[in-house]
Amino acid sequence: MHDHHGHDDPKSFVKGAFLGALVGAVLGVLFAPESGEKTRKKIKDKSEEMLEKGREAAEQMADKVEKVKGQVEPYKEKAEEFINDAGERAKEEADNIKKRYFKKSK
């Protein structure tokens, strides 16, 4: 059965992983036995590091999306052509049927 609570969404996974790593890093730094100044610096440095990792992950995701779009695009164009051609053929056939079976009588 498919779960519709975002568990299959890659964005949800990335957000959850990022949030979990950030919380873990902050908790680790907060419970380390150091001075307040060192702790604040570690939190700042770790936050900047995690933010950079998040940006990199977002860029990688965007690159993958663009790659997939590039792979799908030719099929999209072919499908549109097929649908348009099929529509034109159906219209032509309908016109032929009208002419053949519903000739105007004078």
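Of note:
- Förster-model FRET efficiency, 25 Å R0, A32 and A58, C-beta, rounded to 0.05: 0.30
- Sites E66 and Y101 - FRET efficiency at Förster radius 41 Å, r taken between beta-carbons, to 0.05: 0.20
- Of every Cα-Cα pair in the chain, the percent that sits beyond 16 Å: 76
- Degrees between helix 10-30 axis and first principal axis of the chain (Cα, 0 to 90, nearest 10): 0
- Note that the stretch 59-69 has calculated 3J(HN,Hα) couplings of 5, 5, 5, 4, 4, 5, 4, 5, 4, 5, 4 Hz, one per residue in order, obtained from phi through the Karplus relation 6.51 cos²θ - 1.76 cosθ + 1.60 (θ = phi - 60°); glycine and proline are x.
- Given charges at Cβ of Lys, Arg, Asp, Glu: the chain dipole, positive-most of V26, V68, N96: N96
Just so you know, all these numbers are worked out from the coordinates, no wet-lab data involved. Fair warning: this is a prediction, and the values are worked out from it, not measured in the lab. Please note: Cβ atoms are built from the backbone with ideal geometry, for glycine as well, and neighbour counts cover all protein chains shown.
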